[in-house]
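Asker: My structure is below; once you've seen it, I'll send some questions.
Throughout, read-outs are computed from the coordinates displayed, never taken from laboratory work. As the structure is a prediction and not an experimental result, all values here were calculated from the model. Cβ atoms come from the backbone with ideal geometry, glycine included; neighbour counts cover every protein chain shown.
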Amino acid sequence: MYKPSYNSMHIRGSRRSRCRISERKLKMWRLLKLSVNDAFTNMAIDEAVATARIDGAVPNTLRFYCWNPSAVSVGRFQDVLDVVQVENCRQHGVDIVRRISGGGTVYHDSRGEITYSVAVKENDFGTTDVVYAYNKICNGLIQAARNLGVKADFSPGDLRNCPNLAVVGKKISGSAQHHKGGVLLQHGTLLLDADLEKMFTYLRVPWAKTLGSVVCVAKDRITSIKNELNHDVSVYEACEALIHGLQKALGIELVEAPLTEQEQRLTSRLRKEKYSQDSWNLKGNVHR
């Protein structure tokens with residue numbers, strides 16, 4: 001089980017016991033509790049946490065969040081006009097944000113998903129292999145899905161798609177990575193519900209002539225927890241399942257703690273100067 005705060009931990013006992021506790025501390029990660037933010041804040045927090053981890057100012061960190069309002073996030077190197085229905089997003093108040101991670105375009109529904117992010121020193125994984133890291137973290141997502149009653153499998157992806165989770169070939173979770181300064185940032189979604197008509201009102205698929213044509217294809221390629229179980233699962237249930245699944249898969253203990261003041265300041269600056277700016281979101285350019 002994860003612990004409520006760092007302040008609750010006390011070190012007592014012999015030198016040998018202190019050594020054992022010290023060794024355990026190597027596997028203790030910070031848990032940032034579930035939060036709800038707009039797209040610009042969510043991406044600013046992820047980058048701020050990764051930066052703080054690069055600086056050695058914070059421990060390895062696991063975070064969970066939702067998006068409000070709904071948003072579309074695009075990969076670092078994508079052309080927004082090729083993959084997003086920009087006018088539809090603007091008309092319906094759907095944010096558009098560019099991630100620092102690669103990967104493809106994602107629609108983040110305010111009620112239909114939960115997002116996780118991991119910021120970890122690559123040395124703590126013992127390898128810089130990209131697929132290994134995806135597999136290790138996704139094993140936690142597989143365990144979480146199993147805890148909710150859904151059997152999902154790891155899909156290694158291909159040249160066009162990042163590794164993901166699928167249920168009998170249908171994608172239920174996608175992730176993307178950013179590597180810098182010896183730190184891996186991996187973030188991704190778990191679909192709790194999927195309104196495909198809404199999703200593809202905001203996502204652009206170049207070959208699709210009509211909304212109906214892309215939805216017809218997507219039904220065979222995308223699923224959700226609700227679709228698999230035939231009932232709703234709350235974001236809080238999903239969060240608990242993810243916490244336990246990732247703890248088990250990564251062999252870690254989670255200790256709940258807030259963002260540091262340094263991270264909060266950097267989040268505010270990144271949100272203002274980068275993630276809320278069209279120069280970054282639409283063109284991928286930013287001056288820092």
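Asker: Which pairs in the list 136/219; 151/171; 226/248 are over 21 Å apart, alpha-carbon to alpha-carbon?
Answerer: 136/219; 226/248
Asker: Taking the square root of 5 times each eigenvalue of the Cα gyration tensor, what semi-axes in Å does the equivalent ellipsoid of the chain have, largest first?
Answerer: 32, 23, 16
Asker: Can you pull a Stokes-Einstein diffusion coefficient for the stretch 189-288 at 10 °C (1.306 mPa s), Rh from Kirkwood over Cα pairs, as a whole number of µm²/s?
Answerer: Roughly 90 µm²/s, to the nearest whole number.
Asker: HN-Hα J couplings of the stretch 29-35 from phi, Karplus 6.51/-1.76/1.60, θ = phi - 60°, integer Hz, Gly and Pro as x?
Answerer: Per-residue couplings from phi come out as 10, 7, 10, 8, 5, 3, 9 Hz.
Asker: Of the listed peptides 259-267, 141-149, what is their order by residue-averaged count of other C-beta atoms within 10 Å, with the highest listed first? Walk me through the numbers before you get to the answer.
Answerer: Details: 259-267: 16.4, 141-149: 19.7.
The most tightly packed comes first, giving 141-149, 259-267.
Asker: Which helices, counted as full DSSP H runs in the chain, have an axial Cα extent of no less than 18 Å and a Kyte-Doolittle average of 0.0 or above? Intermediate results must be reported in sequence, preceding the final value.
Answerer: On the way: long enough: 39-54 (23 Å, 0.66); 130-148 (27 Å, 0.39); 235-250 (22 Å, 0.54).
In the chain, the long hydrophobic H runs are 39-54, 130-148, 235-250.
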